[in-house]
Amino acid sequence: MDAEAAKLLGAGLAAIGAGVAAVGVGNVFGSFLESALRNPSAADGQQGRLFIGFAAAELLGLLAFVVAMILIFVA
Amino acid sequence: MDAEAAKLLGAGLAAIGAGVAAVGVGNVFGSFLESALRNPSAADGQQGRLFIGFAAAELLGLLAFVVAMILIFVA
Amino acid sequence: MDAEAAKLLGAGLAAIGAGVAAVGVGNVFGSFLESALRNPSAADGQQGRLFIGFAAAELLGLLAFVVAMILIFVA
Amino acid sequence: MDAEAAKLLGAGLAAIGAGVAAVGVGNVFGSFLESALRNPSAADGQQGRLFIGFAAAELLGLLAFVVAMILIFVA
Amino acid sequence: MDAEAAKLLGAGLAAIGAGVAAVGVGNVFGSFLESALRNPSAADGQQGRLFIGFAAAELLGLLAFVVAMILIFVA
């Protein structure tokens, strides 16, 4: 396998990582919504932490996407 | 393996990522619906966060699909 | 591996993504049904969101299937 | 790897997708049965949505099987 | 890798799908039994849906087995 082939293959593998990160994002929002509907008055107070958790999980998915893009267009 | 072969193989790998992201989307909606049916009156107030979470997880799946399309038609 | 071989292999990989998306769809409906049977009178009011969530997860699985079809018949 | 080999290998990969979809189908029915036994009188009213969810998840598994069959007999 | 080798390897991959489907089948029966033991008098009334769910998940595992058999004996 030459380097040109490997970097395209690697981009595909990296895209799996972007998809898997969506499970983590879904987990953050799913758990938040589940509990926010049980205790709606407290939901606004926890919104800051929701977005920190969402951003942390989303960031990892975007990093996987960035790796895919770098492999295709830069490497 | 030449580059032409690798990018088609990579597109298939990237499509796995699109599918896995559906688990995250399903998690957001599943948790929301589970709790919305327990406390229907509060469901409308959390709808904004539902769509933020849905969009965040869906985005990562669409990014994986974009990687597949770039690998097939651009790279 | 030549390009003809890789696109067939890639189609098989993409089909995994279609199957995995079914887990997400199953999650949306599973959670909905579980709660709809606990509170049947509220189920009709949440049906709109059920179908948005179902469509969002199903879309990602269909995208993976589209990638498989493009790899077999177009690429 | 030549094209003849790859399409047989790809069909095997696609069959994984068919199997994984069964997890989603099992999730729909599992959650339904769990709650139907807790509230049997409401089970009949939700049967329509049960079959929509079952069909949606089953469809994605059948699509993966279709990809496997196309790879073996058509491509 | 020649075609003879690939179809044997592909059959092995397809068998993974058959195994994964057992998770879905196990989910259907597990949830049913868990609730049937909590409410045994209602279990008989839900038996029809139990077998529909079991058959749907089992079918996808059998399809993966069919792909493996076709790969070994037909392709």
(message) If I ask for residues that are within 12 Å of B:Glu34 (Cβ to Cβ) and not basic (Lys, Arg), which ones from region C:29-42 would you list?
(response) C:Phe29, C:Gly30, C:Ser31, C:Phe32, C:Leu33, C:Glu34, C:Ser35, C:Ala36, C:Leu37, C:Asn39, C:Ala42
(message) Given the condition among the small types (Gly, Ala, Ser) and over 23 Å from D:Ala57 (Cα atoms), answer yes or no: does some residue in region C:22-30 qualify?
(response) no
(request) Could you give me the residue pairs with C-beta distances under 8 Å whose first residue belongs to region C:46-75 and is in contact (Cβ under 8 Å) with a residue 24 or more places away in the chain, whose second residue is open to solvent by 10 Å² or more (accessible area, probe 1.4 Å) and assigned to a loop (DSSP other than H, G, I, E, B) wherever it lies, and which are 6+ apart or on separate chains? (result) C:Ile72/D:Ala75
(message) When the residues of region B:1-40 are narrowed to those that are open to solvent by 20 Å² or more (accessible area, probe 1.4 Å) and of a type in the set (S, T, N, Q), which ends up modelled with the highest pLDDT?
(response) B:Asn27
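If only one of D:Ala75, D:Ala56 is more than 19 Å from C:Val25 (Cα to Cα) and facing chain C (nearest Cβ under 7 Å), which one is it? Let's see the steps before the verdict.
Details: D:Ala56 fails: more than 19 Å from C:Val25 (Cα to Cα).
After ruling out the rest, the residue left standing is D:Ala75.
Yes/no per residue for (1) facing another protein chain (nearest Cβ under 7 Å); (2) touching a Pro at 6+ places or on another chain (Cβ under 6 Å); (3) more than 20 Å from E:Phe51 (Cβ to Cβ):
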| residue | (1), (2), (3) |
| --- | --- |
| D:Val25 | yes, no, no |
| D:Leu37 | yes, no, no |
| D:Gln46 | yes, no, no |
| D:Ala64 | yes, no, yes |
| D:Met69 | no, no, yes |
(message) Anything in region B:45-69 that is under 22 Å from A:Leu59 (Cβ atoms), open to solvent by 30 Å² or more (accessible area, probe 1.4 Å) and not small (Gly, Ala, Ser)? List them, or say none.
(response) B:Phe51, B:Ile52, B:Phe54, B:Leu59, B:Leu62, B:Phe65, B:Val66
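The values are calculated or read from the model by the stated rules, or taken from the named source; none is laboratory data. Keep in mind that what you see is a predicted model, and the values were worked out from it rather than measured. So basically every Cβ, Gly included, is an ideal-geometry build from the backbone, and we count neighbours across all protein chains shown. The protein model used for the area step is the full one, side chains on, heavy atoms only, and it has no ligands, DNA or RNA in it. Shrake-Rupley method; radii C 1.70, N 1.55, O 1.52, S 1.80 Å.
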